[in-house]
1. Kindly provide the trypsin sites (Lys or Arg not before Pro) of region 77-146 that DSSP labels as loop, not H, G, I, E or B, and whose Cβ sees at most 13 other Cβ atoms within 10 Å.
2. If I ignore ligands, DNA and RNA and count only protein heavy atoms, how much of Leu167 is accessible to a 1.4 Å probe, in Å² to the nearest 10?
3. If I take the Cα coordinates of region 75-204 and project them onto the principal axes, what are the three extents in Å, biggest first?
4. Remind me, relative contact order of the chain in percent, using alpha carbon pairs under 8 angstrom and six or more residues apart?
5. Quick one: accessible area per residue over the chain, 1.4 Å probe, rounded to a whole number of Å²?
6. Round to the nearest 10 and report in Å² the accessible area of Tyr123, as given by a 1.4 Å probe over the protein chains' heavy atoms.
7. Once you have a ≥ b ≥ c as the square roots of the Cα gyration tensor eigenvalues for region 56-368, tell me rounded if a/c is under 1.5, and otherwise prolate or oblate according to whether a/b is larger than b/c.
8. What distance in nm separates the two pseudo spin-label positions at Arg252 and Ser159, each 7 Å out from Cα along the beta-carbon direction?
Amino acid sequence: MADFDVVIRGGTVATASGVFEGDVGIAGEQVVTVGKNLSKGTREIDARKRIVFPGGVDSHCHIEQPSSTGGVNADTFLSGTRAAICGGTTSVICFAPQFKSTHITTSTADYHARAERGATCDYSFHLIVNRADKETLDALPTLIAQGHRTIKVFMTYPSNRVDDTGLLNLMALARKNQAFMVIHAEHHDMIMWMMEQLTAKGLTEAKHHCWSKPPVVEREAVHRVAAMAELMDQPVQIFHVTCGEAAEEIRRAQARGLKIWGETCTQYLTLTSDDLDKPNGEGAKWVCSPAPRSTEEHDKLWGYIKSGVLDIVSSDHAPSNFGENEGEKLPDGPNTPFTRMPNGVPGLETRLPILFSKGVVEGRIDLETFAAISSRNPARLFGLKNKGDIAPGKDADIAIWDPDVKVTIKQENLHHDVNYTPYEGMTVTGWPTTTLSRGEVLWDDGEFKATPGRGRFLARDPYEFIKPRGIFPGPFNPFE
Ligand code: URP
Ligand code: ZN
Ligand code: ZN
């Protein structure tokens, strides 16, 4: 009998902690050995001239997420996780949303049912809280104890935002119940005021979305979150940082010793405000929040990635079809004002190939950093203890890459259910050819094969990154 169910043989194994030439031995769902000249496996995968990375962990993606108006975004758990796997990602953290009218326990249970039906890779949830009232605060400790260890707060969007008092109350609750916080940080009132001014002057095209939220809107909110996190001694991650000014606020807070982390996304390393400047409403395809900036800001973000201030690059996959129905990008037709365009771009499948191409192939980062920012760091920050590495005892979640293949990204070749990609026509170097999830080959040589619902919920126990420091900015500890 073979010692291994699968041996991935002769590849360049690249993880956050190092790169070596060798084999990976898998038994059942786990990696059991990493070494040279392993004995034969029941299945042998030839990885010569390939890079063997840990499967990507995308800690920020909106999949089959119902909206407050009753619609659901364009990907189901089946199509969203299919796209993930075909792009080398093997774990996703999505968002169980709460609405003004729903109890958070009910909406979380509904969201679990959706994932159980369709998910083909493993998944965990951030809980979106949009009303920090007594009913919600009473329900959260049970949900957290069930393994939903992150609370997500939007500081903007009229139907989702939580005010500063609500945010402080949620930080206090998170601290007491060992939960982490993730924040969409933009100054709501500034954006609303700018939207009114722009609308009054008839400046309502997609490109004006960027005008309504310049970097200062983001910088101020990041500064405010950092101050609140300092007051409450609560660990936080700032989502989708788009510009040097916001990243600099995070760096300053980290230098003060705060447990604060920053994420950026593929789109903020590649798209610019010029992409939104297209006629007949087409610019809506690139409307996302915060807004895409400029190539100068891309360079600054790479700098903050290299210095470790921003240590995760996710997709913020938020798919709405480019169409004219309610919930789609142009609900009022080609003249839809930007204020009515749903925010968000699809990017689960393209996240890793773009990051590899722009990052590793173009010489901005090395293989270890790629593995860290796309897999190890999100697994660690969010307590996915069996993910993010290729090492004995870890889940055999692995993506085998052809690092030399040139691919021109085209909608027709992608596996999501959204009807466009914001990266149409972009040529990248490198793409995953084979993806394994818990030892099972799900994507191989252009073929996707997985049973809907095989993905498992990753309940998260308390972990190191959640722990507060026990340091307050004044003499009073409000938690004693
Ligand atoms: O524009 C975006 N990012 N839409 C998705 C929701 C969010 O803000 O993350
Ligand atoms: Zn957001
Ligand atoms: Zn998001």
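The values are calculated or read from the model by the stated rules, or taken from the named source; none is laboratory data. This structure is a prediction, so every number in the text was calculated from the model and none was measured. Glycine gets a Cβ as well: all are built from the backbone with ideal geometry, and neighbour counts include every protein chain shown. Please note that ligands, DNA and RNA were not included when accessible areas were found on the heavy atoms of the full protein model with its side chains. Shrake-Rupley method; radii C 1.70, N 1.55, O 1.52, S 1.80 Å.
1. Sites meeting the loop and neighbour criteria: Lys100.
2. 0
3. The principal-axis extents, from largest down, are 47, 38, 25 Å.
4. Working: 1152 pairs, mean separation 105.3, N = 480.
Once normalised by length, the contact order is 22 percent.
5. Ligands and nucleic acids excluded, the figure is 37 Å² per residue.
6. Number for this one is 0 Å².
7. On the way: a/c = 1.18, a/b = 1.11, b/c = 1.07.
Here region 56-368 falls in the rounded category.
8. 3.5
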